[in-house]
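Below is one structure, written out as structure tokens, with a few remarks after it.
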Amino acid sequence: MRKTWLMKLSLLSISLVLTSNTAIASALPMMLGYFNDQSASSVELLMTIPQLTVVIFIALSSLIAKSIGQKKTVLLGLLLAGVAGVLPVFTANFYLLMISRAALGAGFGLFNSLAVSMISEFFEGEEAATLIGFQSAFQGLGAAVMTFTAGRLLTFGWQKAFLVYLITIPIIFLFMAFVPEPSKKKETTSSEKETAAKGTLRPTTVMYGILIFFLCIFYMIVVVKLSTFIVTENLGTESDAGTLLSFMQIANMVAGFLFGLIYKGLKRWTLPISFFIMAASLFLILTANHLWMIGIGAALNGIAFALFVPYIFNDATRLVPQSAKASTTSFILVLANIGNFVSPYGHQLLETFGIGSDALQNIFINGCILMTGLGILFLLLAFKKDPLPNEA
């Protein structure tokens, strides 16, 4: 019993770091000041470049796992993420930082899909479903704790915030000690391969992929810009921003736990409501004159993300045959990560126009307007049988 409990904990523990690439986002104002010879978008790229290499190494991970085994692939990813994550503590060279952040994403990409698939290999039925739910919650928990800790470490300088990636050390030992290599699966039959080959991307899948690309850009407004906004508006410090971003992750985690109940009640209205929630988040932060108001706004941003991401994945896969579910999920996941990666440049575009008193306000205003527009559009679509045309 103890061994099974430890195995589950060790297997779930690798998910603690999966969404931690923006855990040091509260250090951005200090980093922008330190790297004043670089453009703001270039410095902000340090937050999002892991998303690009995550996409690449998600695709490569299955090939690597076939060659060296799933357990070794996870351990390799954890080791790479740990070393690359902590490297900025010892160097302030901008280009080395960019390389280390890219390597961090590569490490995450190596075990991103394995964090879920290995659960399905070791467990079945309701036990597997429960653990997959916990896996999502562990991501939110890890991001919240690491974001909060990074904010506290900022009192010792921006480089010390990267010490949060030392969490990979105990995770490596836990996984190495208590998680075995999954047993070999049966070879896929020729008929199964033919069935899988028939799975193609449908127009609905493409539309959802494009949608989540832009949604991730809007979601990252709070992740990337909150710290700068708080400091610029003299509402708090970088450490305060770290605390508020951890609240956002906690709200994300709680909403993720409750998504099943929320979706059961709201059904097709879930998507437009999540857009209105994100619009409210951006508006509340923009008009806030106290940190607690910004905290509520950040929490709403996390809740919105926890609603529209699983809704999109669930509805997109519902509308395709079984043979196309894997390619559908991968396509949307790739576009989501690309959206996160290019978000600094999306924000740069949003700041070039608007009614705000400065560029930073324009980003929040335009984000709020666009999310409201998307909410209205999908509210109208929700009056139909499905939020998007049913192609089944």
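Selection over region 275-324 of residues that are polar (S, T, N, Q), under 20 Å from the mean Cα position of the chain (by Cα) and either within 20 Å of A144 (Cβ to Cβ) or open to solvent by 30 Å² or more (accessible area, probe 1.4 Å) (or both) gives a count of 3. Filtering region 344-358 to residues that are farther than 15 Å from I210 by Cβ and assigned to a helix (DSSP H, G or I) leaves P344, Y345, H347, Q348, L349, L350.
Selection within region 238-274: residues that are of a type in the set (A, V, I, L, M) and more than 19 Å from the chain's Cα centre (by Cα). The member of this set that is modelled with the highest pLDDT is I273.
Can you tell me which residue in region 151-167 is farthest from F111 (Cα to Cα), limited to those that are at pLDDT below 90 and buried (at least 18 other Cβ atoms within 10 Å of the Cβ)? Selected residue: L154. Taking helices (runs of 4 or more DSSP H) as the structural unit, those lying wholly within region 1-112 and holding at least 3 residues that are surrounded by fewer than 21 Cβ atoms within 10 Å (Cβ to Cβ), under 21 Å from the mean Cα position of the chain (by Cα) and at pLDDT below 85 correspond to 40-68.
Only a single item in (1) open to solvent by 70 Å² or more (accessible area, probe 1.4 Å); (2) modelled with pLDDT under 80 is not met by F178, and it is number (2).
The values are calculated or read from the model by the stated rules, or taken from the named source; none is laboratory data. Keep in mind that what you see is a predicted model, and the values were worked out from it rather than measured. In this analysis, Cβ positions are derived from the backbone assuming ideal geometry, glycine residues included, and neighbour counts consider all displayed protein chains. Surface accessibility is based on the protein's heavy atoms, side chains included, excluding ligands, DNA and RNA. Shrake-Rupley method; radii C 1.70, N 1.55, O 1.52, S 1.80 Å.
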